[in-house]
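Here the structure comes first, spelled out in structure tokens, and everything after it is commentary.
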Amino acid sequence: MIKILFVCHGNICRSPIAEFYMKDIVKKSGMDNRFFIDSAAVTSEEIPGGVGNPVYPPARKILADHGISCEGKRARLATKEDYDKFDLILVMDKGNERKMERIAGGDSEGKIHLLMSICGEDREVADPWFTGDFQATWDDVTEGCKTLLDLLTFPGELVLASGSPRRLELLEQVGISCIVDPSDGEEWSQESSPAAYVEELSREKVLDVADRHPDSWLLGSDTVVALDGEIMGKPGSADEAFEMLSKLSGRTHHVYTGVTLVRTSRGTVLYHKTFSTSTEVTFYDLSDEMIEDYILTGEPFDKAGAYGIQGRGAVLVKEIRGDYNTVVGLPVAEVYHQLTE
């Protein structure tokens, strides 16, 4: 689900128009289960005594003229928690932008955007409280919302920032077409948590290639094995592979895969979502001979934890608990639902 927050000065004119118009077109497109939409203010001027004012009557009227109700909406103040919760924060003017950044303590995740910049226009949505021109505001807001919905509707094709044939095969298996453009950045993270580790690397991979694809959906992913908190990447030698597989023998470990989805527009990152999944894997007791024979196949050397469950390494695995494709290298069902629902 994509969470969108529209923000204006008082949350009684521009941002409620955007909130309820966006809800209306999303519902009419049959995608209301894919979006969560809200609006808020960057000042408390319309929240006297802690109780927000209702939507300004002319704003209510222009919504009603188009068959859209905003019944029950009252102004509320944007918070730092909103910044953490929402994926996209669309502001109406540069004053809103500055105030929202102060509320959030900056914009480290690049979530805050001018609404009209979505349309490629470096301008503000004029405040009808001062201009009195609600039609001009309506025209701007509806143009921005229509463009936003179009940009966030997945077209069925993405850029895969990975050279993994397994990830490509999984995506194509569920009907997603791919342009393969592997990241060549260094795979390194200071994170000690396996989930945070793969999430950070998935972000780094996809952002490494984002500049080459200014108007696209992109996906980056990374997978590691973790045993007793120790992160295992790909072995650099036969000795490392033997050591890893010996440690995993007869034990239960976790496989973590991190994924970052990005939507670029006009050369900037408009939207991004990062998540990770994990699966428990239990190995049989492995003899040294079995490990050595498996290493001789060459399969361990491009695999996290030195094995591939989808290949000859399947014979090492006694049991799994969780998503099989997470172990292969991409939780493709979760990816599909993130893109389409």
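The values are calculated or read from the model by the stated rules, or taken from the named source; none is laboratory data. The model shown is predicted, which means the values in this text are computed figures rather than measured ones. No Cβ is skipped: glycine too gets one built from the backbone with ideal geometry, and neighbour counts run over all protein chains shown.
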Within the range 223-240, the residues that are at pLDDT 90 or above and surrounded by 15 or more Cβ atoms within 10 Å (Cβ to Cβ) are Thr223, Val224, Val225, Ala226, Leu227, Ile231, Pro235, Ala238, Glu240
When restricted to Asp323, Asp288, Asp302, the only residue at pLDDT 95 or above and closer than 21 Å to Gly236 by Cβ is Asp288
Does Ile4 qualify as being touching a residue at least 12 places away in the same chain (Cβ under 8 Å), in a strand (DSSP E or B), among the hydrophobic types (A, V, I, L, M, F, W, C) and in contact with a Leu (Cβ under 8 Å, 6 or more places away or on another chain)?
yes
Per the list (1) over 20 Å from the mean Cα position of the chain (by Cα); (2) at pLDDT below 95; (3) closer than 30 Å to Phe275 by Cα, residue check on Tyr21 breaks on (2)
Please work out if Tyr56 is in contact with a Lys or Arg (Cβ under 7 Å, 6 or more places away or on another chain) and either touching a residue at least 24 places away in the same chain (Cβ under 8 Å) or polar (S, T, N, Q) (or both). no
Taking first residues from the range 289-308 that are among the basic types (Lys, Arg) and second residues anywhere that are assigned to a loop (DSSP other than H, G, I, E, B), the pairs with Cβ under 9 Å that are 6 or more apart or on different chains are Lys303/Lys234; Lys303/Pro235; Lys303/Ile309; Lys303/Gly311; Lys303/Gly329
Within the range 24-58, residues being more than 24 Å from Lys99 (Cβ to Cβ) and either polar (S, T, N, Q) or in contact with a Phe, Trp or Tyr (Cβ under 9 Å, 6 or more places away or on another chain) (or both) number 3
Q.
For the structure I just gave you, tell me whether Pro128 is in the same structural domain as Leu207 (by TED's automatic domain parsing), at pLDDT below 95 and not aromatic (Phe, Trp, Tyr).
A. no
Result of the Cβ filter at 8 Å on the range 314-326, keeping first residues that are buried (at least 16 other Cβ atoms within 10 Å of the Cβ) and partners that are basic (Lys, Arg), at least 6 apart or interchain, is none
Among (1) touching a helix residue (DSSP H, G or I) at 6+ places or on another chain (Cβ under 8 Å); (2) free of Cβ contacts under 8 Å to residues at least 40 places away in the same chain; (3) hydroxyl-bearing (Ser, Thr, Tyr), Thr137 falls short only on (2)
**Study point:** Some residue of the range 203-220 being polar (S, T, N, Q) and at pLDDT below 95
**Key:** no
